[in-house]
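Heads up, the thing below is written out as structure tokens.
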Amino acid sequence: MSHPVLAFIGGGNMASAIIGGLLESGHPRDRLIVVEPYAPQRDKLASDFGLQALASADASLAQADLLMWAVKPQMFAEAAAPLASFAPFVGQALHLSVMAGIRSEALLQACGAARIVRAMPNTPALIGRGMAGLYARPEVSAADKQLVERVLAPTGELMWLAQESDLDAVTALSGSGPAYFFYFIEAMEAAAVEMGLSAEQGRQLALATCAGAAALAQQSTESPATLRERVTSKGGTTYAALSSLQADGVGAAIQRAVKAAQQRARELGDEFGQA
């Protein structure tokens, strides 16, 4: 299948990131179908990608080889209802969901589809530097997984998981993770201003440092702990900063924060993702 027909239920930021990557990789525009009820977003899809999105689902969805769910979890029931008119197709199609909290069993019950892959991407997917955890129901074939990988490849790295419940941990670590780093960068910028630098200087220094440290950690075979130790001399400036962080219990606070995100992911699943 050189260029499968891909249908998107929802045309927001994550769908747009995937669509943009697909078009850049040569996927034909006429092999994409987007259902987006929000008129301003349809206009944006037209201006950004030259796509004429549908205001509501219609019979053209029967052409799709893969149907991607990219709506907010609280909008899932409303988005799924119109597809009942296309039950024979929808039930047989491969489904890929990037909705947080909507469990595969809920998709199965709503659409009759068993071939379901759930993905938890993050916002760096918008620039092709994302990280997504993937879970496939047993009914998903090896060929189905390959198609999903082709669709999501432009967004960044992918990781297959053995259990659907592991997606809650992925949500806490990488799904919400970018916000943790933005928060840290905000604090570094504020400290820069307090120390007499301009906000612009603080931002440039913080961003370059975070990007460089991440790149170094990715390329190195050494653990983060070892890399940290290599730049921490007893009695030096880094030692003073890390001692302050440790005295404030920052490490434990970060672990509690990530676990709080995991718990909230479970709660969202209970609220929106039950069958």
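The values are calculated or read from the model by the stated rules, or taken from the named source; none is laboratory data. Keep in mind it's a predicted model, so treat the numbers as computed, not measured. Reconstructed Cβ throughout: ideal geometry from the backbone, glycine too, with neighbour counts over all protein chains shown.
Summary table
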item	result
Residue match in segment 227-238 (condition: among the hydrophobic types (A, V, I, L, M, F, W, C), out of contact with any helix residue (DSSP H, G or I) (no Cβ under 8 Å at 6 or more places or on another chain) and not assigned by TED's automatic domain parsing to the domain that holds residue 98)	no
Matching entry among 119, 132, 79, 100 (being assigned by TED's automatic domain parsing to the domain that holds residue 21, under 26 Å from residue 261 (Cβ atoms), assigned to a loop (DSSP other than H, G, I, E, B) and in contact (Cβ under 8 Å) with a residue 24 or more places away in the chain)	100
Residues within segment 3-52 that are within 21 Å of residue 81 (Cα to Cα), in a helix (DSSP H, G or I) and among the aliphatic types (A, V, I, L, M), tallied	2
Pairs, first farther than 18 Å from residue 73 by Cα in segment 8-28, second outside any loop (DSSP other than H, G, I, E, B) and among the small types (Gly, Ala, Ser), C-beta under 9 Å, six or more apart	17/125; 17/130; 18/125; 21/125; 21/153; 25/153; 27/21
Of all residues making up segment 194-238, the number that are of a type in the set (A, V, I, L, M, F, W, C), surrounded by 14 or more Cβ atoms within 10 Å (Cβ to Cβ) and over 25 Å from the mean Cα position of the chain (by Cα)	3
Test for residue 138: is it in a helix (DSSP H, G or I) and either touching a Ser or Thr at 6+ places or on another chain (Cβ under 6 Å) or under 30 Å from residue 3 (Cα atoms) (or both)	no
Single condition residue 274 does not satisfy, out of (1) in a helix (DSSP H, G or I); (2) of a type outside the set (Phe, Trp, Tyr); (3) at pLDDT below 95	(1)
Residue pairs meeting the criteria (Cβ under 9 Å; at least 6 apart or on separate chains; first closer than 17 Å to residue 167 by Cα, in segment 244-263; second modelled with pLDDT of 95 or more and among the basic types (Lys, Arg))	none
